[in-house]
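One structure below.
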Amino acid sequence: MEITAIITALCLVLGSLLGITGGIGVYRLPDFFTRLHACGITDSACAFLILSGLMFQTGTSLETVKLLFILIFLLITSPTSTHALAKAALNSGETPLMEQQQTQQKREER
Amino acid sequence: MLEAIYGASCLAILAVMGLALLRAVLGPSAFDRLMAVNMFGTKTVLLISVFGFLTGRPDFLDIALIYALVNFLGTIAVLRFFEGRKTPACYDEPAEEQKE
Amino acid sequence: MELFIDITLLTFLCITALAITVIRKLFCAVMLAGIFSLLSACLFVSMDAVDVAFTEAAVGTGIATVLMLAALNLSHSREKCPPYQPLLALLVVCTTGAVLVYGTMDLPAFGDATAPIHHHVAPRYIEQSQQEIGPPNFVTSILASYRGYDTLAETVVIFTAGLSVVALLGIRDRRGGQSITTDRSAMKGYLVLRVVTKLLLPFIFLFALYVQFHGDYGPGGGFQAGVIFASGVIIHSLTLGRDRTLKAFPQRFLTILATAGVLLYGGTGLAAMVRGGNFLDYSVLGATALAGQHLGIFLVELGVGVTVFASMTLMYYAFSYRKEA
Amino acid sequence: MDSIPMNVSGHFNYWVAIFLMMTGFYVVISRGNLIKKLIGLNLFSTSVFILYISLGKIHGATAPIASETFHLYSNPLPHVLILTAIVVGVATTAVGLALTARIYEQYGTIEEDEIRIKDESL
């Protein structure tokens, strides 16, 4: 077995595991901002690992360039939209869980 | 060997898609749904790329490329159209629920 | 493996469709419709229809969602309780469904190579299109050459739809006296988004051009390129403000462009007639039949791309300007 | 027909397409909201697309773009029909949405029954 195949396999398996972790997080975590955090894992780390794993298989060809572009664009756009989403959510009154707990604590202390 | 790995990755991506779909269906807030759609877009990119390698014909990465480029348009559109609203329609508001 | 992916995607589609039916917030229904489109694009890829998946990808992410949201923005975004008893509807639907399922019993199994559909014109398209027409993408040769009449009519339909939307909603150019810096429609609060958009826009337009001119060799062509180009303009307008977009792509220019595209398509057909061939028979356009076909397909795809781009952008303008008027 | 499992996997695509079609149909006839109706119509049309593409698929074939390593291609004809239908579908949906927006401006509602009441009171 070639060394590139092993690298590809490692990257893909790791990426898939991260993806599933993020997916479970998105399903299970308690509030929007924590879920957004889990979503970020699948958008960046998982995508990065899977796409770069695939890149090892194409050698030097047009496909490698395309994969590289996909990777770059994903790494630019998905954090941007995540950022915009978080900002919009904050602006329209969604409060992070921690803040909610803090205000609750203060209320109880009074 | 690699075939099996590609297949396993496809399955993993499908599983993530399923979880994202659940989040989109369950809600509760509109932002959750928007996040799920966004995440779904990224997973589509990955699925299409890996599927190309699984079938041994990776020349169709253009489709993944367009998703990578244009996918955030949906997010922008939502933010833009529902930004100025006093009662954002995209909310699960308890008050609105009671009206019925 | 492929069958499993196919079945999983179809199951997801069913879940999404049911959720769309049940959910009463229209906004969420539109979001789910977006997921539906993504899923169907995946499904098309898994069923070898790359060109279709490409179109679905271009249309579903951009135009469809944006138009739905814009229309929601112009009206209520919450559905009332349906006034009817759903039982009768359910009965009608179940009966029709049962009849249709009974009808599928006679269909050949999924993926069967001996099915009648694969034995009439398809073998000829696959075996001879490269000698007769040229491009390695069979879909392009059928779309632009074998079935050129069909595509001409569909381009006209898109053109007409664009005109109808503009006629229904109207576009008012309210730029008089308002300077660009005070444009309220720009997303001033989202600096990161604006910077990233400016960074990405050249790539989106470049990619649209690649799709337009590379459609003979890979998935792509005029329809997809037009939609991608329009998506780029929509992104520009959403983040940087519509007045700036209107300056870059004035309405009058787009109207001329939409017309020019249809005329280019029809004109290619007429040119073939002038050169002594049939309408839309490109073989007479060049020195050899293949060169003629190449030129004809290039022109026709260009016409389609231009019309689709201009019509889609006009539609978006119409929806986006309505609110302010 | 062969054995039952073969039959199921051989027709699953068609059945799901019909199920989606009927879901769209149900939304169109049972909901009063015009935009919801349009979403249902879109569901319906996508299911038709899926049915067509399913008919064109051949097991073990590849996408209909000529290549040296592959010799069995799926049927390209349904792809051509559906490709144009998708763009036309969006264009016609836009016309429907424009009509809906105009109706909202005139009637102040996009619910079918309320529109009817207003029509009758005129």
- Task: Can you confirm whether region A:7-24 contains a residue that is in contact (Cβ under 8 Å) with a residue 40 or more places away in the chain, among the polar types (S, T, N, Q) and over 20 Å from A:T80 (Cα atoms)?
- Result: yes
- Item | Elements of type helices (runs of 4 or more DSSP H) contained in region C:223-325, each with 2 or more residues being within 14 Å of chain D (Cβ to nearest Cβ) | C:251-274, C:289-322
- What about D:A91, is it more than 20 Å from the chain's Cα centre (by Cα), within 30 Å of C:L163 (Cβ to Cβ), without any contact (Cβ under 8 Å) to a residue 60 or more places away in the chain and within 8 Å of chain C (Cβ to nearest Cβ)? no
- Note on the structure: Residues of region A:51-110 being in a helix (DSSP H, G or I), among the hydroxyl-bearing types (S, T, Y) and more than 23 Å from B:G41 (Cα to Cα), in sequence order, are A:T58, A:T103
- Query: Do the conditions hold for C:R147, that is, is it surrounded by 12 or more Cβ atoms within 10 Å (Cβ to Cβ), of a type in the set (K, R), touching a Leu at 6+ places or on another chain (Cβ under 9 Å) and modelled with pLDDT of 85 or more?
  - Reply: yes
- Query: Can you find a residue in region D:65-82 that is within 7 Å of chain C (Cβ to nearest Cβ), more than 21 Å from C:V121 (Cα to Cα) and surrounded by fewer than 23 Cβ atoms within 10 Å (Cβ to Cβ)?
  - Reply: no
- Task: Please specify each residue of region D:20-41 satisfying the condition of being more than 7 Å from chain C (Cβ to nearest Cβ) and basic (K, R).
- Result: D:K37
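Condition check ((1) within 19 Å of the chain's Cα centre (by Cα); (2) surrounded by fewer than 19 Cβ atoms within 10 Å (Cβ to Cβ); (3) closer than 24 Å to C:S320 by Cα; (4) modelled with pLDDT of 90 or more) across all residues:
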site	(1), (2), (3), (4)
C:Q224	yes, no, yes, yes
C:F229	yes, no, yes, yes
C:G232	yes, no, yes, yes
C:I235	yes, no, yes, yes
C:R242	no, no, yes, no
C:L257	yes, yes, yes, yes
C:V262	yes, no, no, yes
C:T268	no, no, no, yes
- Note on the structure: Restricting attention to region C:118-144, the residues that are facing chain D (nearest Cβ under 7 Å), part of a helix (DSSP H, G or I) and surrounded by 17 or more Cβ atoms within 10 Å (Cβ to Cβ) number exactly 8
- If you go through region A:23-50, how many residues are closer than 16 Å to B:V45 by Cα, more than 7 Å from chain B (Cβ to nearest Cβ) and not aliphatic (A, V, I, L, M)? 4
- Task: Please determine, by comparing only the residues of region C:39-54 that are farther than 11 Å from B:I63 by Cα and of a type in the set (A, V, I, L, M), which one is farthest from the chain's Cα centre (by Cα).
- Result: C:M47
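The values are calculated or read from the model by the stated rules, or taken from the named source; none is laboratory data. Remember, it's a predicted structure, so these values are computed and weren't measured experimentally. Counting neighbours? That spans all protein chains shown, and the Cβs are built from the backbone with ideal geometry, glycine included.
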